[in-house]
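Below is one structure, written out as structure tokens, with a few remarks after it.
The values are calculated or read from the model by the stated rules, or taken from the named source; none is laboratory data. For clarity, every value in this text was computed on a predicted model and none was experimentally measured. Counting neighbours? That spans all protein chains shown, and the Cβs are built from the backbone with ideal geometry, glycine included.
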Amino acid sequence: MPSNKTFLLYGANGYTARLIIERAERFGLTPILAGRDEAKVKVLAMKHHLEYRVADLGDANALDAALEGVGVVLHCAGPFSKTAGAMQQACLRTQTHYLDITGEVAVFEGGKSLNERAKAQGIMIMSGVGFDVVPTDCMALHLKNQLPDATHLQLAFANDGGSVSRGTALTAVENLGAGGLVRENGQLRPVPNAYKTLTVNFEPGKTLTCATIPWGDLATAHQTTGIPNIETYMSMPPRLIRLSRLGNYLGWLLGSKPVQTLLRDRINSTLTGPDEAVRNRARSLVWGRVRNGAGQEVEARLNCPEGYTLTADMALIITRKVLEGNWKPGYQTPAGLYGEGLVLEGGGKWV
């Protein structure tokens with residue numbers, strides 16, 4: 001029988017995974033570290049006195065062996081659009097619950113397509129168990145509960161004083177030139193980068209300009225609330241909005257192999273992630289608004305810990321819930337299963 005304290009942490013060498021390792025004990029959990037590079041995983045495991053396993057995502061037999069005796073895998077190896085599918089298939093084969101920390105729309109939609117298979121295997125598939133997308137999913141459900149006949153939803157977030165990790169930057173680079181997305185009448189619709197801008201009052205004294213991005217809630221908020229029209233925004237300085245819009249004309253170049261290689265090499269050589277001091281002083285701000293057919297509107301705001309801290313804590317909170325038997329078979333969303341108050345367990349506050 002799998003332990004109700006032990007889970008497999010795949011992609012253990014990543015920035016967020018290392019935070020999860022450091023914070024696991026306070027949640028009463030013990031990760032088994034896993035990844036494809038034995039030398040790196042072994043060093044990390046020895047440092048923290050933890051068990052480790054090695055498996056390449058391209059090796060189905062090795063993945064199945066890595067999941068043996070494990071009740072839950074917390075998948076932290078991005079870019080998830082390239083890695084999630086192999087791990088999800090392994091979870092289906094081995095009847096292991098699947099969690100990840102993605103914010104990529106395609107990964108949520110892919111997980112949703114596995115709903116019936118997951119039910120048949122008696123497992124749960126849940127993506128976005130961190131900042132991507134717990135607070136925004138909770139916001140969406142909170143607003144839906146206040147205006148049940150809402151037909152339109154706008155969500156926005158801002159990273160107040162933080163910075164990005166190498167993995168986040170690499171995912172962003174991979175998606176350069178791919179364009180944006182919105183959900184209209186229940187369907188995902190491609191739109192240009194920074195398709196719309198919105199001035200958002202996140203809290204008294206903090207009004208920021210935001211632009212549309214293809215955030216995971218275009219999938220999760222629709223699943224959680226059923227609202228058919230959804231736009232997702234991120235706070236951006238004007239120069240970044242201009243750069244994003246430039247990508248609408250240079251997508252072919254930004255997505256080319258030479259440019260992608262150049263950008264990835266630059267990121268790998270210069271980025272790690274925010275240090276503890278930055279994480280302690282930074283915050284994540286979330287805003288949302290719904291509207292119904294009669295023109296009624298409801299707004300709400302959330303103030304949360306810094307994004308990577310929130311991701312690590314929420315991922316561990318949800319992992320613990322699943323290990324304790326608090327799960328439902330099939331494809332699930334964080335707020336859809338655990339309610340709008342889930343983010344409060346990770347330090348979020350309504351403002």
- prompt: Are any of the residues in segment 156-165 outside any strand (DSSP E or B), surrounded by fewer than 22 Cβ atoms within 10 Å (Cβ to Cβ), more than 18 Å from the chain's Cα centre (by Cα) and modelled with pLDDT of 80 or more?
  reply: no
- request: Answer yes or no as to whether P237 is under 22 Å from the mean Cα position of the chain (by Cα) and not hydroxyl-bearing (S, T, Y).
  value: no
message: Could you check segment 218-232 and list, in sequence order, the residues that are touching a Lys or Arg at 6+ places or on another chain (Cβ under 8 Å) and either over 27 Å from L143 (Cβ atoms) or part of a strand (DSSP E or B) (or both)?
response: N229, I230, E231
- request: Test G110 against the stated conditions and say whether it is crowded, with 24+ Cβ neighbours inside 10 Å and within 15 Å of the chain's Cα centre (by Cα).
  value: no
query: In the set R281, R291, R242, which member is at pLDDT 95 or above and in the same structural domain as P190 (by TED's automatic domain parsing)?
result: R291
- prompt: Within the group N13, N4, which residue is out of contact with any Pro (no Cβ under 8 Å at 6 or more places or on another chain), closer than 26 Å to R279 by Cα and surrounded by 15 or more Cβ atoms within 10 Å (Cβ to Cβ)?
  reply: N13
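Condition check ((1) within 19 Å of F131 (Cα to Cα); (2) touching a helix residue (DSSP H, G or I) at 6+ places or on another chain (Cβ under 7 Å); (3) of a type in the set (V, I, T); (4) at pLDDT below 95) across all residues:
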position	(1), (2), (3), (4)
T6	no, no, yes, no
A12	yes, yes, no, no
E22	yes, no, no, no
P31	no, yes, no, no
V54	no, yes, yes, no
D59	no, no, no, no
L63	no, yes, no, no
Leading residue by the ranking (surrounded by the most Cβ atoms within 10 Å (Cβ to Cβ)) among those in segment 73-106 that are touching a Gly at 6+ places or on another chain (Cβ under 8 Å) and among the β-branched types (V, I, T): I101
task: Mind listing just one residue for me: the one in segment 283-296 that is more than 10 Å from Q154 (Cβ to Cβ) and touching a strand residue (DSSP E or B) at 6+ places or on another chain (Cβ under 8 Å) and, of those, surrounded by the fewest Cβ atoms within 10 Å (Cβ to Cβ)?
output: G293
query: Considering segment 37-63 alone, what residues qualify as being under 12 Å from A77 (Cβ atoms) and buried (at least 19 other Cβ atoms within 10 Å of the Cβ)?
result: V41, A55, L57, L63
task: Scan segment 34-53 for residues that are hydrophobic (A, V, I, L, M, F, W, C) and under 19 Å from Q95 (Cα atoms) and jot them down.
output: A34
field: Filtered residue count, segment 302-351, keeping only those that are under 22 Å from R23 (Cβ atoms), out of contact with any Gly (no Cβ under 9 Å at 6 or more places or on another chain) and either at pLDDT below 95 or in a strand (DSSP E or B) (or both)
entry: 1
task: Can you work out which of the residues in segment 29-54 that are over 23 Å from the mean Cα position of the chain (by Cα) and in a loop (DSSP other than H, G, I, E, B) is farthest from I125 (Cα to Cα)?
output: H49
- request: Consider G28 carefully, then state whether it is touching a residue at least 40 places away in the same chain (Cβ under 8 Å) and over 13 Å from Y10 (Cα atoms).
  value: yes
